[in-house]
Amino acid sequence: MGDTELVVEVLRASELSKIYKLYNKTTDRLKEFFLKGNRHTDFVALDRVSFSIGKGETLGIVGENGAGKSTLLQLIAGTLSPTSGGVMVNGRVLALLELGIGFHPDFTGRENIFFYGDMLGLPRSYVQSKFNDILEFSELGDFMSRPLKTYSTGMQMRLAFSLVSSLEPEILIIDEALSVGDIYFQKKCIDRIMDFKNNGKTIIFCSHSTYHVHVLCNKVIWLKEGAIEMSGEPEKVLPAYEHYQLQKEGKIHEFDREAHAPVLIRELKLLNAQPLKRGDDLQLSAILESKGEENRYHFSISLKIDPSWGVYFTGTHIAGKEPLKGKKKRIIVTFPKIQIMGGYYYIHARVLDETGFVVLHEKILPPFEVKKDSLERGVCYLENHWEFQDL
Amino acid sequence: MLLDRLKKLYKLLPPLLLRDIKERYAGSALGVFWTFLQPLLFILLYWLVFSQILKVRIKADTGEIPFLAFLLSGLLPWFALQEGIIRGASSIVDKRHILKKVIFPAELFPIASVISAFIHHGIGIIIFLFVYFFWMGTVSPLQLFAIVGLLSLQIVLTSGLSLLFASLSVYLRDIIQILSIVFQILFYVSPILYPINTVPEGFKTIILLNPFTTLTEAYHNVILYGRYPGLSSTFYLFVFTISAAYIGIYIFRKLKGGFADVL
C-alpha cells in the first residue's frame, strides 16, 4: 500500500488497558465496593495497546494462551469495558468470540437467528432477507428448525459464522472459530473471509494457525503478556512469533491436529549430518500419511532463518505439480549446493489441501546449523566478481 | 442522548419479552400447563387449610367477604411480585452467555423478567377481577383506576428491586438463594392468608414493618371494600417504590461495568 493512498480509519484503539481485579473471595469484591480498603490484587491482562485499522484491512492477532488476545477482542467488540484507554469504532462490529454468540440451547436455529438480530436492533425484515443466505451457507438444512442443544459444536459454529458473516458488518471479529469446523467448512469460511476482504470490509482475525493469519492478514499484532511485542507486516511478525514459540518449546513443535487431519506428516527429518556447510546438498525426507485413498494434497516447505525471516518457500502447488495422493508417501526434497551463509536455519513443512489454501497438518524441525566458513556476512551467498581498473 | 437510549431500550424490550415467555414454556411439553397449575394448586391448598380447616373469617362493614376473594386479591399480586423479583434477580447471571458475547443493555433482562411475570400472573388477576366484580354486580371506575394505579406502582417497585438484586447477585450468587427464603418469610408476615385485624397487638408491629403489608392492604381495600388507601399509606407506598427504583437503578448502573469481568 502506497503512502499516498488514503486509508479510511475504521477502528482505533488508544492506550487500551484492562486490569482485572483478582479477589480471593467473591464477597471481597462487594466489601471493597461498599467499604473502603484494598482487598484485591491486580492482574494486567492488557497493557496500553494502541493500533488502528483502515477500511478493508485485515488484522491478525497472534500470541500464546493468556497473552490477552481474547480480552483485546472483547474490548473491541464492546462486551468488556476497558480499565483505561478507549476504542473508537466506525461502523457495525460483529464478533464471533470463543465459539458462539450467545445462543439459547432450547430455541431452534431459526429462532436464535432472529433473536440475535433483535438484540442488535436490526429490523426483522432485514434478518428475514438474509435468512436464506444463512441457511444455505451453514448447510444446516432441517436442523434449522431444531433446538440448538441437538447441534454438535461444529454445527453451532457453522450457524454462528454464517449468521455473523451474513449480516454485513463493517468490522468482523473472528476468534479462533475456524479451528472447530471440519476442513471443508474451514475452507468455506476462508473463502467468505476473502470475499469480505475484497469487498472492502475490515476483519480482525485471531488464530493459532500462523498460516491462516499469513494468508488472510495484511497486518499482524503479536501480543505477549498483554502488550504488543511486535506489529507490522505478516512477513515480519509471523516468523518472529514462530521462532519465539519454537525456542520456547525447545524441540519439535507440533500442532494438535493429528486426530482430525485427513493427511499427516508422519515423519520429517533432515538427511544431512550437522553442521552443514555452504555448498552441501540439503536433503529433507518427509513421510505423509493420508487417511483416505481419495485425498489429494500439496506439500510445502519453508526454510526460515534463525532468528526471524523466511528465506525460501516453495511447495508442490507452487512448483506446478499435480496434487499428491495415496495412503502413504515418502517425499525427498533436495536443495543442491545450498548457497546459504553460516547461521541457524529451520524447516517448516506443511500439508495443504488441493487448493493450497487450507493447512491440514504442519511440522517444524528444530534449527540446524550451517557452519560459518568465512568473514562474509548475510543470508545468501551471491556469486561475486571483482574488477579493478586503474583510471 | 437519553431519549435515544430509551428508544433503543423500548425497541429491544418486546422481542426480549417474547423470548422470556417462550423460554419459560420451552423445553417441556407440559411447560404451559405447569406454570398455571402450580399457582392453582397453592390457591387450592391455602383455601383448604385457612378457610375450611382453620376457618378464617373475613368481616367487613357490609357483611362477610368470602375467603377466596380475600385470598386472591392479595395472593395474585404477590405471585407477580415475588416471581418478578426472584426471576429478575437471577436474570443477569442466567444470561451471562449472551452478555459476554453481544453488546446488549443488561438492564433489560431483569425488567423483562418482571414484565413477563406480570403478564403471566396478570392473566389470573384479570380473570379474578372479572369474576369477582361480575359476582358482586358493582364496580366503580375509580376502583378500576386505583387497581391499575397500584399495579403500575408494583411494576416500578418490582423492577427496582430486581435491578438491585440482579446486579448484586452477579457478585454474590448466594443472593438468589437467600431471596427465595426471605420472600417465603415475607409472605407469611404479610396479611395475605389472614386479615390484619386478627393479628395480636404484639405481633402487629412486625407485620406492619413489612413493606409489602401496605401494598397488600391497599389491594384489599380497593378490591374488597372499595376504599382508597389512606394518605399515609399512599405516601409510604410511593416513597418505598421510588426509593426502591432509585436505589435499584443507581446500584445497577454502578455495578454494570464490572459484570463482564465477573460473569
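The values are calculated or read from the model by the stated rules, or taken from the named source; none is laboratory data. Please read these numbers as outputs of a predicted model, since none were measured by experiment. Using ideal geometry, Cβ is built from the backbone for each residue, glycine included, and neighbour counts are taken over all protein chains shown. To get the accessible areas, we keep the full protein, side chains included, count just its heavy atoms, and leave off ligands, DNA and RNA. Shrake-Rupley method; radii C 1.70, N 1.55, O 1.52, S 1.80 Å.
Within the stretch A:251-281, take every residue that is within 19 Å of the chain's Cα centre (by Cα) and at pLDDT below 75 and give me the one that is surrounded by the fewest Cβ atoms within 10 Å (Cβ to Cβ).
So the first thing to find is which residues in the stretch A:251-281 are within 19 Å of the chain's Cα centre (by Cα), and the list is A:253-258, A:260-261.
From what is left, the residues that are at pLDDT below 75 are A:253-258, A:260.
Details: A:His253: 18, A:Glu254: 14, A:Phe255: 16, A:Asp256: 8, A:Arg257: 16, A:Glu258: 11, A:His260: 13.
So, considering only residues that are within 19 Å of the chain's Cα centre (by Cα) and at pLDDT below 75, the one surrounded by the fewest Cβ atoms within 10 Å (Cβ to Cβ) is A:Asp256.
Kindly list the number of the only condition in (1) among the small types (Gly, Ala, Ser); (2) over 19 Å from A:Ile221 (Cα atoms); (3) more than 10 Å from every other protein chain (Cβ to nearest Cβ) that fails for A:Gly66.
Evaluating A:Gly66 over (1) among the small types (Gly, Ala, Ser); (2) over 19 Å from A:Ile221 (Cα atoms); (3) more than 10 Å from every other protein chain (Cβ to nearest Cβ) leaves (2) as the failure.
Suppose the filter is modelled with pLDDT under 75 and closer than 16 Å to A:Ala67 by Cα; does A:Lys248 pass it? Step through it out loud before you land on a result.
Values: modelled with pLDDT under 75: yes; closer than 16 Å to A:Ala67 by Cα: yes.
The answer is yes for A:Lys248.
Would you mind listing the strands (runs of 3 or more DSSP E) fully within the stretch A:1-79 where at least 2 residues are touching a residue at least 60 places away in the same chain (Cβ under 8 Å) and farther than 26 Å from A:Gly200 by Cβ?
So the answer is A:9-22, A:41-54.
Would you mind telling me which numbered condition in (1) over 20 Å from B:Arg96 (Cβ atoms); (2) within 14 Å of another protein chain (Cβ to nearest Cβ) A:Asp142 fails?
Result: A:Asp142 fails condition (2) only.
Would you call A:Asp106 more than 21 Å from A:His212 (Cβ to Cβ), out of contact with any His (no Cβ under 9 Å at 6 or more places or on another chain), at pLDDT below 85 and open to solvent by 30 Å² or more (accessible area, probe 1.4 Å)?
yes
Taking the stretch A:29-57, which residues are farther than 25 Å from A:Leu73 by Cβ, within 14 Å of chain B (Cβ to nearest Cβ) and not acidic (Asp, Glu)?
A:Leu30, A:Lys31, A:Phe33, A:Phe34, A:Leu35, A:Arg39, listed by residue number.
Considering the stretch B:93-107 alone, what residues qualify as being within 13 Å of A:Ala77 (Cβ to Cβ) and in a loop (DSSP other than H, G, I, E, B)?
If the condition is that a residue be within 13 Å of A:Ala77 (Cβ to Cβ) and in a loop (DSSP other than H, G, I, E, B), then B:Lys100, B:Lys101, B:Val102, B:Ile103, B:Phe104 are the ones that fit.
Taking the stretch A:109-125, which residues are touching a residue at least 24 places away in the same chain (Cβ under 8 Å) and open to solvent by 50 Å² or more (accessible area, probe 1.4 Å)?
Scanning the stretch A:109-125 gives a single hit, A:Arg110.
Looking at (1) over 24 Å from A:Ile364 (Cβ atoms); (2) in contact with a His (Cβ under 9 Å, 6 or more places away or on another chain), which one does A:Lys201 not meet, given that it meets all the others?
Failed condition: (2).
Per-residue answers, yes or no, for (1) at pLDDT below 90; (2) more than 19 Å from the chain's Cα centre (by Cα):
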site: A:Lys327; (1), (2): yes, yes
site: A:Ile332; (1), (2): no, yes
site: A:Lys337; (1), (2): no, yes
site: A:Gly342; (1), (2): yes, yes
site: A:Tyr346; (1), (2): yes, yes
site: A:Val358; (1), (2): yes, no
site: A:Leu365; (1), (2): yes, yes
site: A:Ser374; (1), (2): yes, yes
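Against the definition (surrounded by 18 or more Cβ atoms within 10 Å (Cβ to Cβ), modelled with pLDDT under 90 and more than 10 Å from chain B (Cβ to nearest Cβ)), how does A:Gly60 come out, yes or no?
Working: surrounded by 18 or more Cβ atoms within 10 Å (Cβ to Cβ): yes; modelled with pLDDT under 90: no; more than 10 Å from chain B (Cβ to nearest Cβ): yes.
No, not satisfied.
Pairs, please: C-beta under 6 Å, at least 6 apart or cross-chain, first residue at negative phi and in the stretch B:208-228, second open to solvent by less than 20 Å² (accessible area, probe 1.4 Å) and β-branched (Val, Ile, Thr)?
What qualifies is B:Thr213/B:Ile207; B:Thr216/B:Ile192; B:Val222/B:Ile147; B:Leu224/B:Ile65.
Within the stretch A:340-374, can you find the residues that are farther than 21 Å from A:His243 by Cα and small (Gly, Ala, Ser)?
Within the stretch A:340-374, A:Gly356, A:Ser374 meet the criteria.
So, in the stretch A:147-196, how many residues would count as being out of contact with any Leu (no Cβ under 7 Å at 6 or more places or on another chain), within 19 Å of A:Lys130 (Cα to Cα) and not in a helix (DSSP H, G or I)?
The total comes to 2.
Of the residues that sit in the stretch A:112-132 and are touching a Lys or Arg at 6+ places or on another chain (Cβ under 9 Å), within 17 Å of B:Lys8 (Cβ to Cβ) and assigned to a helix (DSSP H, G or I), which one is nearest to the other protein chains (Cβ to nearest Cβ)?
The qualifying residue nearest to the other protein chains (Cβ to nearest Cβ) is A:Asp118.
Can you tell me which residues in the stretch A:370-391 are in contact with a strand residue (DSSP E or B) (Cβ under 7 Å, 6 or more places away or on another chain) and over 17 Å from A:Pro275 (Cβ atoms)?
Once the filter is applied, which keeps residues that are in contact with a strand residue (DSSP E or B) (Cβ under 7 Å, 6 or more places away or on another chain) and over 17 Å from A:Pro275 (Cβ atoms), the stretch A:370-391 yields only A:Cys380.
Does at least one position in the stretch A:66-78 carry a residue that is over 24 Å from B:Lys256 (Cβ atoms) and surrounded by 17 or more Cβ atoms within 10 Å (Cβ to Cβ)?
Taking the stretch A:66-78 as the starting set, the residues that turn out to be over 24 Å from B:Lys256 (Cβ atoms) are A:66-67, A:69.
If we keep only those that are surrounded by 17 or more Cβ atoms within 10 Å (Cβ to Cβ) too, we end up with A:67, A:69.
So far as the stretch A:66-78 goes, yes, one or more of its residues are over 24 Å from B:Lys256 (Cβ atoms) and surrounded by 17 or more Cβ atoms within 10 Å (Cβ to Cβ).
Which ones in the stretch B:86-124 are among the aromatic types (Phe, Trp, Tyr) and more than 14 Å from chain A (Cβ to nearest Cβ)?
To start, the set of residues in the stretch B:86-124 that are among the aromatic types (Phe, Trp, Tyr) comprises B:104, B:109, B:118.
Within the stretch B:86-124, just B:Phe118 meets the criteria.
In this structure, does A:Tyr312 turn out to be open to solvent by 10 Å² or more (accessible area, probe 1.4 Å) and outside any loop (DSSP other than H, G, I, E, B)?
Numbers: open to solvent by 10 Å² or more (accessible area, probe 1.4 Å): yes; outside any loop (DSSP other than H, G, I, E, B): yes.
When the stated conditions are applied, A:Tyr312 passes them.
Return the total of residues in the stretch A:140-179 being at pLDDT below 85, among the small types (Gly, Ala, Ser) and under 20 Å from A:Leu216 (Cα atoms).
Adding up the residues that qualify gives 2.
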